[in-house]
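J.: There's a structure below that I have some questions on.
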Amino acid sequence: MSLIVQKYGGTSVGSIERIQAVALKVKQRRDQGDAVVVVVSAMSGETDRLLGLAKAIQSQPAPRELDVLLATGEQVTIALLSMALQAIGCPARSYTGAQVQIRTDSAHNKARIRDIDDARIHADLNAGRVVVVAGFQGIDEHGNITTLGRGGSDTSAVAMAAALEADECQIYTDVDGVYTTDPRIEPKARKLDRITFEEMLEMASLGSKVLQIRAVEFAGKHQVPLRVLSSFEEGEGTLISLEEEIVEDAKIAGIAFAKDEAKLTVLGVPDHPGVAHKILGPVSDANIEVDMIIQNIGADACSTDFTFTVHRNDYAKAMEILRQTAESLAAREVHGDQEIVKISLVGVGMRSHAGIASRMFEALAQVGINIRMISTSEIKISVVIDEKYLELGVRALHEAFDLSKPA
Ligand code: ADP
Ligand code: ASP
Ligand code: MG
């Protein structure tokens, strides 16, 4: 007998019929003699709908109240799934994050899980029940409801699997695994049988929303065997595995992209020590995360030009701060661009293969795409390009690195 944690995302529980189909799948697993804990998301579109309601009252609703509201989405699905299981003769019980005691810190809207009290879950499993737990939510030490950030049910599932020392954490979604890139952008994308934690973590942080970043982080840290599968069709899905176990010698695992980037530039800043700090200090003081940074010698050699990127949601605020800084530094000019995207190549094989960057730049040049910024690390290369070239760029790179063919 094994203990399995299964997570079903929004589309997988998007209607009564789909919830019933999930119930059948869960029951099947339990009937094989396994203990099953199910973590569910809200029905697709529900979290956005609730957010919309809140924003109709206040553009910046109080984070605590927003969590009370958003957590209701998952409460609906746990109850419905338990009913669907009971209706087909499978004993089941639903729990909210607060009932299980998924304890988090108090960072509303982006809380981190600290620990999970597994006593109640074990008691139910021992009694032969399927346990259905609300994803995306927890409770802080003061009894406040918290949520874990968009896509957070993935993290709930992984944390649950770690706490229960489950044999596998299965993330059921609307694709049958992790692909070389988002199949919605490149239909020729290929499903990977395996990907390393390190690569998956880069893919997730660089924009592939198939798994929440924290879920991958958590699974890597606690060595939780993690698999992404389709809730609609049978298959092995993609196993996220430790590097040693990977047999393929692929240079590139995949291509990630982030559409929600924005770029800010200040030109003609007097080139003194401390300038970078003067420009970026106030931005980070405002809690705005900066991604890429480029500093160049200005045209006259005694001034400097400075460009950085932020999340598009932070653009207006960052621009306001930068204008003030530019004025105090007597900089020549400030401008910004919100119509940019970041495309990244990811692969542990880059460590041992030279020439990947130049091949990437050549492929983009061949289709006439101008690169605005570049940044590299050991296992990724990212470029910023104009938003209108996103699909063209992803497809050109997919082709250039032959990603449709198995490595
Ligand atoms: P869920 O609601 O089940 O959590 P998500 O929408 O969060 O599902 O994640 C699944 C989606 O992730 C897919 O429909 C796909 O469009 C997108 N996606 C982005 N990058 C990838 C990738 N590399 N492989 C597979 N899916 C990807
Ligand atoms: N319902 C939440 C969201 O839409 C959490 C999740 O689905 O993982 O972001
Ligand atoms: Mg998701």
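The values are calculated or read from the model by the stated rules, or taken from the named source; none is laboratory data. These figures come from a predicted structure and were not determined experimentally. Glycine also receives a Cβ, built like all others from the backbone with ideal geometry; neighbour counts cover every protein chain displayed. These area figures cover heavy atoms from the full protein model, side chains too; ligands, DNA and RNA do not enter into them. Shrake-Rupley method; radii C 1.70, N 1.55, O 1.52, S 1.80 Å.
J.: Taking a 32 Å limit on the Cα-Cα distance, which of the listed pairs Lys317/Lys388; Lys55/Lys278; Lys317/Lys405 fall beyond it? Kindly include the intermediate steps, with their values, before the conclusion.
T.: Working: Lys317/Lys388 24 Å; Lys55/Lys278 34 Å; Lys317/Lys405 44 Å.
From Lys317/Lys388; Lys55/Lys278; Lys317/Lys405, over 32 Å: Lys55/Lys278; Lys317/Lys405.
J.: Pop out the carbon and sulfur fraction of the accessible area of region 296-370 as a percent, whole number, probe 1.4 Å. Mind showing how you got there, number by number?
T.: On the way: 1840 of 3870 Å².
Here carbon and sulfur together make up 47 percent of the probe-accessible area.
J.: Right, here's the next one. Out of all DSSP beta bridges in region 29-188, what portion is antiparallel? Express it as a percent rounded to 5.
T.: Antiparallel bridges make up about 40 percent of those DSSP assigns within region 29-188.
J.: Can you tell me the 0 to 90 degree angle between the C-alpha axis of helix 275-285 and the longest principal axis of the chain, rounded to 10?
T.: The helix 275-285 is inclined about 30 degrees to the chain.
J.: Of Ile371, Thr307, Ala357, which is farthest towards the positive pole of region 302-388's charge dipole, taken about the Cα centre with +1 and -1 on the beta-carbons of Lys, Arg and Asp, Glu respectively?
T.: Toward the positive end, the furthest listed residue is Ala357.
J.: Take Glu387, Glu186 and sort them by solvent-accessible surface of the protein heavy atoms, 1.4 Å probe, largest at the top.
T.: Details: Glu387 60, Glu186 10 Å².
Descending order: Glu387, Glu186.
J.: Per residue, how many Å² of accessible area does the chain show with a 1.4 Å probe? Present the calculation step by step, with values, prior to reporting the outcome.
T.: On the way: 18760 Å² over 407 residues.
That works out to 46 Å² per residue.
J.: May I ask you to rank Met1, Met200, Met43 by accessible area, largest first, using a 1.4 Å probe over the protein chains only? Mind showing how you got there, number by number?
T.: Numbers: Met1 185, Met200 0, Met43 50 Å².
Highest to lowest solvent-accessible surface, that is Met1, Met43, Met200.
J.: Quick one: accessible surface of Arg359, probe radius 1.4 Å, all protein chains present, in square angstrom to the nearest 10.
T.: In the full protein context, Arg359 sits at about 90 Å².
J.: Using just the alpha carbons, could you tell me how many Å³ per residue the convex hull of region 100-182 encloses?
T.: Numbers: hull volume 9.6 nm³, N = 83.
Normalising the Cα hull of region 100-182 by residue number yields 115 Å³.
J.: Just to be sure I understand: if I project the alpha-carbon convex hull of region 350-407 onto a plane and average over all orientations, what area do I get in nm²?
T.: Here the figure is 4.1 nm², rounded to one decimal.
J.: Give me the log10 of I(q) over I(0) for region 249-407 at q = 0.19 Å⁻¹, as the Debye formula computes it from C-alpha points; what are the numbers?
T.: -1.11
J.: With every protein chain present, what accessible area does Glu320 have (1.4 Å probe, heavy atoms only), rounded to the nearest 10 Å²?
T.: Surface open to solvent at Glu320 totals about 110 Å².
J.: Accessible area, 1.4 Å probe, largest first: how do Thr96, Thr180 sort? Can you show the working numbers first?
T.: Numbers: Thr96 20, Thr180 0 Å².
The most accessible residue leads, giving Thr96, Thr180.
J.: Which one of Gly347, Gly89, Pro225 is farthest out on the positive end of the charge dipole of the chain, using unit charges on Cβ (Lys, Arg +1; Asp, Glu -1) and the Cα centre as origin?
T.: Gly89
J.: If you average 1/r over all unlike Cα pairs in the chain and invert the result, what Kirkwood radius do you get in angstrom?
T.: Numbers: mean 1/r = 0.0436 Å⁻¹.
In the chain this quantity evaluates to 22.9 Å.
J.: Further, regarding this structure: How far is helix 356-366 tilted off the main Cα axis of the chain, in degrees rounded to 10, range 0 to 90?
T.: 70 degrees
J.: Hey, another quick one. Just to be sure I understand the model, the point goes 7 Å from the Cα along the line to the Cβ. What's the resulting Gln324 to Glu168 distance in nm?
T.: 5.4 nm
J.: With each label point set 7 Å from Cα along the Cα-Cβ vector, what nm distance links Asp115 and Glu333?
T.: So the label points at Asp115 and Glu333 sit 5.8 nm apart.
J.: Please tell me the relative contact order of region 289-379 in percent, rounded to the nearest whole number, where contacts are Cα pairs under 8 Å and at least six residues apart. Mind dumping the intermediate values first?
T.: Values: 55 pairs, mean separation 18.2, N = 91.
Relative CO of region 289-379 lands at 20 percent.
J.: Tell me, what % of the accessible area of region 1-82 is carbon and sulfur with a 1.4 angstrom probe? Don't skip to the end; give the middle numbers.
T.: On the way: 2010 of 3750 Å².
The C+S portion of the solvent-accessible surface of region 1-82 is 54 percent.
J.: If you roll a 1.4 angstrom probe over the protein chains with everything in place, what fraction of the accessible area of region 182-269 belongs to carbon and sulfur, to the nearest %?
T.: Values: 1950 of 3960 Å².
Exposed carbon and sulfur together represent 49 percent of the surface.
J.: Enter the angle in degrees (range 0 to 90, nearest 10) between the Cα long axis of helix 46-57 and the first principal axis of the Cα atoms of the chain, meaning the one along which they spread out most.
T.: 60 degrees
J.: Continuing with the same structure: From Cα coordinates alone, what are the radius of gyration and Dmax values for region 268-341 in angstrom?
T.: Cα-based Rg and Dmax for region 268-341 come out at 11.9, 34 Å.
J.: Still on this structure: Can you work out the FRET efficiency for the pair Ile371 and Ala316, with r the C-beta to C-beta distance and R0 = 35 Å, to the nearest 0.05? Write out the running numbers ahead of the final one.
T.: Working: r = 26 Å, r/R0 = 0.74.
With a Förster radius of 35 Å, E is 0.85.
J.: Moving on to the next point. Size of the dipole of the chain about the Cα centre, Lys and Arg at +1 and Asp and Glu at -1 on the beta carbon, nothing else charged, in debye to 20? List each step's numbers first, then the result.
T.: On the way: 42 positive and 57 negative charges, 142 e Å.
The calculated dipole for the chain is roughly 680 debye.
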